[in-house]
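The structure appears below as structure tokens.
Where a number appears in this text, it was derived from the coordinates with a stated rule and is not lab data. Since we're looking at a predicted model, the values are computed, not measured. Cβ: placed from backbone, ideal geometry, glycine included. Neighbour counts: every protein chain shown.
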Amino acid sequence: MAEASGGRTKTAARPSAMRGERAVEVISDPRRHPLPSRIEGVPFPAPVEKLLLAGLYTGVVALLVHGGAPLAGVRSLAGLLGLVLVLNYLFGRHLSKVEPGFVRSTRSQVGMYGAVLIVLGAARFLVDAALVPGAPAWLPHLVPLALATLVARIVHGQRFALEVTTYAGILLAVLLVVRGHPQAAVIEVLAVQLSGALVAAILTGSIRKRSKLVKVGVAIGCAQVITLACFQALVGDFDRTALVFAWLQGLAIGYFVTGSLPMIEALFQVLTDISLLELCNENDQPLLKKLLLTAPGTHHHSFIVGVLGEAAAESVGANPLLCRAGAYYHDIGKMVKPEYFAENQAKAGGCSPHDELEPAMSFLVICSHVKDGVEIGRRYGLHPRLLEFIPTHHGTSLVQYFYHRAMTRSPDDDVDESAFRYSGPRPRTKETGIVNLADAVEASTRSLDHPSPARIRNQVHDIIMNRMMDRQLDETPLTFADLSRIEDAFVHVLVGIFHVRPKYPQITVKG
Ligand SMILES: [Fe+2]
Ligand SMILES: [Fe+2]
């Protein structure tokens, strides 16, 4: 590790196991201090509150769907409530199995159920308006189902977007039936709405430019127009105005989401690729500029970790930009005492301040860059998903250099290994796991004397195996196959970095 190689020369100071014992106070054992179940700041509601919220939500849905409807009556209301409860139960059960990220986030749940209520509210208004004599029949085609799908796609991915579309689509169909819409019209509205929503879920993908969302909006409009035109051809009743508004609705959704993207990111605490690209831009980010000026060696190390992390993330289907951004900020805590870290000691002629310190004290200084990093990140308003990379990039790993130095200095004493471990927590996501490995690999391959491809591969393999055997990756969803792909990606990048240049011939100027 770059940190572990901080002190290189021998000192005459007496070894002290006692200092190591004191250091143990700042070490947190992952078993004694488990990682909090969630990172964001909104607390989980208690079971009673959960029940009340579910009841309130069901009541609002029933009011929107059933209030003042032609089918109004106790029996139909009971049928509707039963339907909503069964649907909510099945949807909730399904999500708890396949979308743990959504279930863990109160913010996401409130946001997504709120979005479904907005869609139902708009549908109630438009459907009722269409039933007024003389009103245009195409009004229900303006229901913004694709908007909820698009937001769900940005927040939790394609599968979740399709799940939300199915759930909201069923409720929309129930609303159309209860509000007295003719059966053929219900099928037409649903088909048009679902075609737009499916296009939103499928085409959105990675958003690296704001114009992408406008293009998705155009595609939503086109899908709705084609579906509606097919239906109109089927029944032989062409309505050009309906086609125009079906297209304009898609375009409006694209522009609306483009404009409200920062709000969506803040509400759901998500980072889109646009924001991640902005966070990686040194010209716009004061924290990265400061890192470059105060700890240039660390800045370079972070850049290489970013390149390694991005390549590895691509190979295992993780988020490459999140890895790159996380890597750029993972060592910002080193700005507090940059001279104590090996990569920043070049201008000091290789002299290290650790030469004057006891190993346990050196460990405390090295270890403090994690706590300092979190504090600096919070002060600069770093997003929680990037803050997560700071404590997890070392996990609870051992600072081997100073541990061995302590053992060498006090061969008769029993040096406690846990006193030389970082306080964690260990990585929990693919991305934080990858940066944890990339950090160790970058620092260790830097010390290779003759970095041939074979030596690089051996070194990378050993580092990954050590981290795995040390149980640093236990909480990540990375598989053995993923680790093999990550190893290949690291080797590919490092071989490119350490390539051998042909020696330039010496040119002598005549005359
Ligand atoms: Fe570090
Ligand atoms: Fe690092």
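Shown in residue order for the range 357-367 are the 3J(HN,Hα) couplings computed by the Karplus curve 6.51 cos²θ - 1.76 cosθ + 1.60 at θ = phi - 60°: 10, 5, x, 5, 5, 4, 4, 4, 5, 4, 5 Hz (x for Gly and Pro).
With r defined as the distance between the Cβ atoms of ARG208 and LEU251 and R0 fixed at 25 Å, what FRET efficiency is calculated, to the nearest 0.05? Computed FRET efficiency for ARG208 and LEU251 comes out at 0.75. Per-residue ellipticity at 222 nm computed for the chain from its helices equals -21000 deg cm²/dmol, with DSSP H segments shorter than 4 residues left out and the rest contributing -39,500 (n - 2.57).
Between SER76 and ARG378, the distance separating the two model label sites (each 7 Å from Cα on the Cα→Cβ line) works out to 5.5 nm.
Taking 0.36 nm per residue of separation and subtracting the Cα-Cα distance, full extension of the segment from ALA266 to LEU51 would add 74.7 nm.
The C-alpha atoms of the chain define a longest principal axis, and helix 453-469 lies at about 70 degrees to it. Show log10 I(q)/I(0) for the range 306-357 at q = 0.18, 0.27, 0.28, 0.30 Å⁻¹, two decimals, from a solvent-free Debye sum over equal Cα scatterers. Values, matching the q order: -0.67, -0.92, -0.95, -1.03. Whole angstrom only: what separates the Cα centroid of the range 385-449 from the Cα centroid of the range 290-364? Cα centroid to Cα centroid, the span is 13 Å.
A crude spin-label estimate for the pair GLN232 and GLN158, with each label 7 Å from Cα along the Cβ direction, gives 3.1 nm. Between MET465 and HIS94, what's the calculated FRET efficiency when r is the beta-carbon distance and R0 is 25 Å? Round to 0.05. Taking R0 as 25 Å, the efficiency between MET465 and HIS94 is 0.10. Rounded to whole numbers, the Karplus 3J(HN,Hα) couplings from phi for the range 73-88 are x, 4, 5, 5, 5, 4, x, 5, 4, x, 4, 5, 5, 5, 4, 5 Hz, using 6.51 cos²θ - 1.76 cosθ + 1.60 with θ = phi - 60°, and x at Gly and Pro.
Please tell me which of these pairs span more than 23 angstrom C-alpha to C-alpha: LYS97/LYS430; LYS209/LYS430; LYS290/LYS430; LYS289/LYS334; LYS209/LYS334?
On the way: LYS97/LYS430 19 Å; LYS209/LYS430 25 Å; LYS290/LYS430 28 Å; LYS289/LYS334 14 Å; LYS209/LYS334 33 Å.
LYS209/LYS430; LYS290/LYS430; LYS209/LYS334, as the Cα separations exceed 23 Å there.
Over the Cα atoms of the range 271-497, the radius of gyration divided by the Kirkwood radius equals 0.95; this is the Rg/Rh ratio. Extension gain for the segment PHE480 to ARG240, taken as residue separation times 0.36 nm less the Cα-Cα distance, is 80.7 nm to one decimal. Residues in the range 161-170 carry Karplus couplings, in order, of 4, 5, 5, 5, 4, 4, 4, 5, x, 5 Hz; the curve used is 6.51 cos²θ - 1.76 cosθ + 1.60 with θ = phi - 60°, and Gly or Pro positions show x.
Amide H contacts for ARG428 (H built 1.01 Å from N in the peptide plane; partners 5 or more residues away or on another chain; cut-off under 5 Å): GLY433.
So what is the relative contact order of the chain, in percent, for Cα pairs below 8 Å that sit 6 or more residues apart? Walk me through the numbers on the way to the answer.
Details: 711 pairs, mean separation 97.9, N = 511.
Taking the mean separation of contacting Cα pairs over the length of the chain, I get 19 percent.
Potential lengthening of the chain between THR58 and GLU282 amounts to 75.9 nm, from the contour at 0.36 nm per residue minus the alpha-carbon distance.
Tell me whether the range 47-268 comes out rounded, prolate or oblate; compute the Cα gyration tensor, take square roots of the eigenvalues as a ≥ b ≥ c, and use a/c under 1.5 as the rounded threshold. Taking the square roots of the gyration eigenvalues as a ≥ b ≥ c, the range 47-268 is oblate. Using a ≥ b ≥ c from the Cα gyration tensor of the chain (square roots of the eigenvalues), is it rounded, prolate or oblate, where a/c under 1.5 gives rounded and otherwise the larger of a/b and b/c decides, a/b for prolate? Prolate shape, in that a/c is at least 1.5 and a/b is the bigger ratio. Orientation-averaged projection of the range 371-415 equals 3.9 nm² [convex hull of Cα atoms, one quarter of hull surface area]. Ignoring aspartates and glutamates fewer than eight residues from LYS337 along the same chain, the ones with Cα atoms less than 12 angstrom from its Cα are GLU3, ASP372.
Checking every one of the trypsin sites (Lys or Arg not before Pro) in the range 176-260 against DSSP loop status and a limit of 16 other Cβ atoms within 10 Å picks out ARG208, LYS209, ARG210.
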